Amino acid sequence: MREQTILTREWVANKQSFLDWESQPTSFKQYPHFSFRVPLREHPSLKWLAQTRCITDEQTVAQKPYRRLNVPSAGNLHPIEIYVQIRNVTGLLSGIYHLDVLHEELVLIREIAGEGIEPYVGMDKRFSGVIVMISLVPFRSSWKYALRAWRYLYLDLGHQIHALGASVRHFGLSLTKMSVNERLNTILGMGEDEVIGAVYGVGEMNERSVKALNPPLMRVQPTDYTETIDSLTGAVKTTAVYNKIPETLFYEDFDSINRLRRSAREFYPNGMSDTVIQELMSIPSSPSLESLFFVFQAHSMQSGLYRNGECAVRGNFNSEILHLLLDQRFISGSNMVVLIFAEIFCADSHIEAGIYAQELYRTCEYHNSGCSGIGAFYDKEASRWSDKPLIYAVAIGGKV
Ligand SMILES: Cc1cc2nc3c(=O)[nH]c(=O)nc-3n(C[C@H](O)[C@H](O)[C@H](O)COP(=O)(O)O)c2cc1C
């Protein structure tokens, strides 16, 4: 998908900048009004789930609600939904539910007993606890970004997987790896416009056998309307479900970091300390990635390009990096930009870049610094810095 999704100066210059926000597809999937609903706040044992994906800011823009979540998303379009199978959790009917983020509720899609989705995720016994399934809704993002959305879907998914891992860890639980078989999408009632992108367990397998859930769940459209780009749908449908367990750092103030995280729109360079810059450079990422750190301004650190914590090339590359990142002006005030390159251009490396960037966001928030994921860049111009493909960038700096 690399060639079909690159940005060039010509493409950006010719692109119509006018977007009719009235035609934006809905960002929150809604199950029918007759479905049984469970408010999440009534179940403290599921606090980790409520914190995995939640609205953390709501404003009115052009007379419409503008909601932002604990996870960032390219264009704030949020092409993600979450489903859970719950079994043997006190106070809850065992069943398959949709996480309704807008209303902070679980919506029961099907009650279960001796059958379940376990056989579709590699288990022949019942799983006590919760199986979390994260789906992608390509049109929410392709509506604005066309084929470039392919990249943002997987970067956004990485952010969401990290948020799940961090939340689970904070509440003293852990993720279990699942191996998904290709019938899962069908059994969950996914149509052409939605696909499962990642699956994890939170709980443990018990001794009781389980039958494969059948027939498929009801099908509900994830958006109010859809326009399909065949090559995007095809690429997303044929991508394997991600199941690697993300590494996450532990922060005591998980709740406030999760609630307050925002993307910086402006920076105050004096507000960032060199120690934080160095700490950010030492955050581990997947071996599928290589990060280059461009320090533009710091108190006593040399400006330049850093690799493995060392200044490899001295100089101030602020204006070059700014051009590379589509001249997005606010980036010029940042202290540092991280360019994330991939060994292989594929969905997994984008997911892993999203996971890594989510940790950068959290560490910045912990240190009261600003951070923003940057998915818009002129791909070919990045070859000056690496022979690998650039897949994501993160701008970091003092908070205003
Ligand atoms: C994959 C991805 C790409 C993004 N690309 C850009 C970008 O190019 N420029 C920018 O200013 N913000 C970018 N953002 C930040 C989003 O605009 C931001 O997450 C969104 O508006 C929601 O705001 P919030 O992060 O404060 O909740 C990106 C975020 C993600 C996850």
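The values are calculated or read from the model by the stated rules, or taken from the named source; none is laboratory data. Remember, it's a predicted structure, so these values are computed and weren't measured experimentally. No Cβ is skipped: glycine too gets one built from the backbone with ideal geometry, and neighbour counts run over all protein chains shown.
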Has region 188-203 got any residue that is in contact (Cβ under 8 Å) with a residue 60 or more places away in the chain and farther than 25 Å from His78 by Cα?
yes
When region 5-42 is checked residue by residue, the ones that are closer than 16 Å to Ala146 by Cα, at pLDDT 90 or above and not hydroxyl-bearing (Ser, Thr, Tyr) are Ile6, Leu7, Gln24, Pro25
Of all the strands (runs of 3 or more DSSP E) wholly in region 294-353, which have at least 2 residues that are surrounded by fewer than 22 Cβ atoms within 10 Å (Cβ to Cβ)?
304-307, 310-314
Has region 354-362 got at least one residue that is in a loop (DSSP other than H, G, I, E, B) and touching a Leu at 6+ places or on another chain (Cβ under 8 Å)?
no
Restricting attention to region 364-400, and to residues there that are out of contact with any strand residue (DSSP E or B) (no Cβ under 8 Å at 6 or more places or on another chain) and farther than 19 Å from Val71 by Cα, which single residue is nearest to the ligand (Cβ to nearest atom)?
Tyr378
Kindly list the number of the only condition in (1) of a type in the set (Asp, Glu); (2) within 15 Å of the ligand (Cβ to nearest atom); (3) touching a Phe, Trp or Tyr at 6+ places or on another chain (Cβ under 6 Å) that fails for Asp156.
(3)
Quick one: Gly309 ticks every box in (1) more than 16 Å from the ligand (Cβ to nearest atom); (2) touching an Asp or Glu at 6+ places or on another chain (Cβ under 7 Å) bar one, so which box is it?
(2)
Within region 333-349, can one find any residue that is touching a Lys or Arg at 6+ places or on another chain (Cβ under 9 Å) and at positive phi?
no
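From the list Asp224, Asp255, pick out the single residue that is out of contact with any strand residue (DSSP E or B) (no Cβ under 6 Å at 6 or more places or on another chain), charged (D, E, K, R) and assigned by TED's automatic domain parsing to the domain that holds Thr176.
Of the residues listed, the single one that is out of contact with any strand residue (DSSP E or B) (no Cβ under 6 Å at 6 or more places or on another chain), charged (D, E, K, R) and assigned by TED's automatic domain parsing to the domain that holds Thr176 is Asp224.
The rows are residues; the columns are (1) within 16 Å of the ligand (Cβ to nearest atom); (2) touching a residue at least 24 places away in the same chain (Cβ under 8 Å).
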| site | (1), (2) |
| --- | --- |
| Tyr225 | no, yes |
| Thr238 | no, no |
| Lys244 | no, yes |
| Phe254 | no, yes |
| Arg265 | yes, yes |
| Tyr268 | no, yes |
| Ser273 | no, yes |
| Pro287 | no, yes |
